[in-house]
Each structure stands twice: as C-alpha cells, then as structure tokens.
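What follows is a single structure, written as structure tokens, with notes after it.
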C-alpha cells in the first residue's frame, strides 16, 4: 500500500509546487532597471510578420540582440526580417562604429561593442498548426513544437519574448514560462493581439491572455471584454 | 489616366480575379438566351431581372436572380483605363492585354507594392490587414472584397470596423459590381496612421529601460 501511496503523494506535491511556481511567475511584474535586454520575437506568416516588424521599428537599439523565430515552412518572413534589419542597420549610426572597429584590439573595445550589439538571429521551428488543420493533429504537432522550443529558449534565455498571434508563439511562450517555473530565468512575455482582432481574440490570444505578463489589444471593444488587457490605441 | 489596382496579398482569391477580368457577363443562362431568340427587341441588351421573372414558361432555375454587368465594362464606364491585377498564389491567371485605350496587367508578387499603390486611383483588395493598412496609409480609396470561402473569417472584423469609421467600402464578389457603380469615393475619410511609439514607450517603462 505504501509503495503506491508514496509516489502518488510525491507526484501530487510536485504538481502543487509547479502550479504555485506558475502562479508566482505569472503574477510577478517586478521592474528591474537595465541598459539593454535580449529580445526573442515570434514572427508568423504574412500579416503577422508585417505587424510585428512595425512594432519593432519603434524600439530603440537597447533591444539587442534580437532573436527571430519563424515556422520552418515560412519562406517570406525571413526575407522581410532581413530587409528590416538591413534597413535598421543603415539608419543606426552605432552600427557604423561596429563596422569600423570590427576587430576588437583590446578589452575596452570588446565591451563597448557588446553594449551596442546589433546582431540578429533567425531560428526555425516546426509550425504548430497549419490553417484549418484538424484539432487532434494540432495537439500532436503543438507538443512536437514544444519539445523543440524548450532547448531553443533554454539556449537563448531571452529577457523578453514578443509575439502577436501566430500558432508558433504558443509553444515558445510555454517554454519561456517553463524557464521561470524551473527557476532558471524569469522571461517577460508580451503579447500584442493583431489589429484584425476587433471583437474577438485569436486562438493564441485566448490561451496566452492568462499566461503572458502584458497582453496588448488594439481596439476598445476587446479592452472592455478583457479588463486584464492593455489598450494603447492602434499601434501598427 | 485613371488606374485600378487589385491586390490579394499572399493569398489566392480566384473568384475575385475571374470576375474583375471577365469581359462577358458571368450569369448568362440558357433561359436568357432563349428569351433573346424569342424576343428580338431584347437582343441588343440584357433584360432587367424583374421582367424575366414575370414571364411564364421559363423554369425558375434558368432565370438568373441578378445579371451583373462585366466589371471591365464598369471600369471603362467609370473612366478607368488601366487595370493591374496582383494575383498572389491564385490558379486563375488572366491574359494581359492592351486595346481600345484600356490596359490589363497581371503579376503574382513584387518585393513592394508601393509603386502600384501610389499610381492607383482606386484599390480593390482582399481583406488582409497588411494590404488594407498599406493602402489606407497612402490615402487611396479602398474597396475590400471579402472572400466568402475563408472559414472563420476574422478579416471581416477589421473591414467592418474600418468601414464603420468611414475609411473604406466593403462587399463580396457578387456585390462588387453594384458597389462600384453606386459608391461615392469622396465620402471616404482620411485614415490616421497607427502609433507604434506608444508601444515602445509602454514597453520601455515595463521592462525597466526608461530612465
């Protein structure tokens, strides 16, 4: 009897601890002052990428390095991201500094160039759900995406995850939460619902409104329906 | 030279492309043809639907409920002399032509639609947010055509909201001809662009970057 009871109690205790950790991670909104932070951006197909790049265009160069995650079947987003980053590098005078001093000759220069780091990276993960895919196969592909997302998040350990709705973002955000639950790192999760969503949330939005630190909507109807959300007006 | 630009973004919207490039009416049914042969005075023009429905002897299924005029003819009658189609992933590829002071251009994708948008006097677009916003930000008159074949059509929410605010007109493929002939583009209001700086200010504050 005891040899059945002990593992069950242990599993129950672990579950309670995990849920408590999840609650703590989700509720903590401490603001630690900092000079820069690493950013992981989930770029979905078509309009999602266009919208998120518009948001990124307004961010300062303190948001570096930038890691982009796209679905492996997405061909157009990589092109859009590369154009965006090239355009940004052209406009930002600090990158000129990096180009001139590309071979650091002493520790001081190396530290300085680390602060103004404007590198970016593109990572690919399997898409969690194709448009109109059946629900059962979606559960399986999402689990598969999560299996691959966690090593990526664990390796990158971003300070901030930014996403705006494509299915790809759910496994990434859950993996980021897991980093916090396991006590490895608290990752700030910011979700911006697409401007297309006026009256109803997307499926990703319905899941992540409970798990993100800041959930931004772009129309007042959604703010009324979901008081927990943040409304800043139209931002794209 | 007045230009119309039709765009479907990265999607496929064959029904729209077929309709905008059709030279003949799409709904000429057997019933109408019989009518034309039987009543010579109707041979030169399409009879109005109400007249057809009132005639005995024609089974209902051969009588079209509406006879939309061909869109190319509508564009011509409204003074447009160039029609450019961006067809995306579509399977329907109309043949480009240049005749009777009217030109039809067709292509799938370009790196940027900026030039075509800037030259257009009217834009007819699918309901994708990117296409709509890019057009409205250029201050171009916009007609959004809803693709009724899309399930869970969330794009419709945005088109309805922007129409409510007076920035665009929207319709389906079948109501497009009627809308083109009845709409008044001067009633459209200027679209104020979004403000991403509000986002960056908010984010800077919550992540601790703000001094």
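The values are calculated or read from the model by the stated rules, or taken from the named source; none is laboratory data. Everything numeric in this text was worked out from a predicted model, so none of it was measured. Note: ideal-geometry Cβ built from the backbone for every residue, glycine included; neighbour counts use all protein chains shown.
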Flag for residue A:162 being modelled with pLDDT of 95 or more, touching a strand residue (DSSP E or B) at 6+ places or on another chain (Cβ under 6 Å) and either more than 24 Å from residue A:20 (Cβ to Cβ) or away from chain B (no Cβ under 14 Å) (or both): yes
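Just for region B:178-206: of the residues that are assigned to a loop (DSSP other than H, G, I, E, B), without any contact (Cβ under 8 Å) to a residue 24 or more places away in the chain and closer than 30 Å to residue A:215 by Cβ, which one is farthest from the chain's Cα centre (by Cα)?
Ranking the candidates gives B:195 first.
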Residue that is farthest from the other protein chains (Cβ to nearest Cβ) [pool: residues in region A:188-204 that are modelled with pLDDT of 95 or more and over 15 Å from residue A:51 (Cα atoms)]: A:189
I need the full set of residues from region A:220-234 which are within 12 Å of chain B (Cβ to nearest Cβ) and either touching a helix residue (DSSP H, G or I) at 6+ places or on another chain (Cβ under 6 Å) or surrounded by fewer than 20 Cβ atoms within 10 Å (Cβ to Cβ) (or both), in order please. A:220, A:221, A:230, A:231, A:232, A:233, A:234
Cβ-Cβ distance below 9 Å, separation of 6 or more or different chains: which pairs start in region A:37-50 with a residue that is without any contact (Cβ under 8 Å) to a residue 24 or more places away in the chain and at the interface with chain B (Cβ under 9 Å from one of its Cβ atoms) and end on one that is surrounded by fewer than 24 Cβ atoms within 10 Å (Cβ to Cβ) and outside any strand (DSSP E or B)? none
Taking region A:169-186 on its own, how many of its residues are over 13 Å from residue A:153 (Cβ atoms) and in contact with a strand residue (DSSP E or B) (Cβ under 8 Å, 6 or more places away or on another chain)? 0
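Taking the condition of being buried (at least 20 other Cβ atoms within 10 Å of the Cβ) and either facing another protein chain (nearest Cβ under 8 Å) or assigned to a loop (DSSP other than H, G, I, E, B) (or both), how many residues in region B:119-140 meet it?
The first filter runs over region B:119-140 and keeps only residues buried (at least 20 other Cβ atoms within 10 Å of the Cβ), leaving B:120, B:122-136, B:140.
Going one step further and asking which of them are either facing another protein chain (nearest Cβ under 8 Å) or assigned to a loop (DSSP other than H, G, I, E, B) (or both), we end up with B:120, B:126-130, B:133, B:140.
Residues flagged as buried (at least 20 other Cβ atoms within 10 Å of the Cβ) and either facing another protein chain (nearest Cβ under 8 Å) or assigned to a loop (DSSP other than H, G, I, E, B) (or both) within region B:119-140 amount to 8.
Is it the case that residue B:101 is touching a residue at least 60 places away in the same chain (Cβ under 8 Å), farther than 17 Å from residue B:11 by Cβ and touching a strand residue (DSSP E or B) at 6+ places or on another chain (Cβ under 6 Å)?
In short, no.
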Residue in region A:15-36 that is crowded, with 19+ Cβ neighbours inside 10 Å and either modelled with pLDDT under 80 or within 18 Å of the chain's Cα centre (by Cα) (or both) present: yes
Which of the residues spanning region B:168-193 are surrounded by 19 or more Cβ atoms within 10 Å (Cβ to Cβ) and either farther than 30 Å from residue B:23 by Cβ or within 11 Å of chain A (Cβ to nearest Cβ) (or both)? B:191
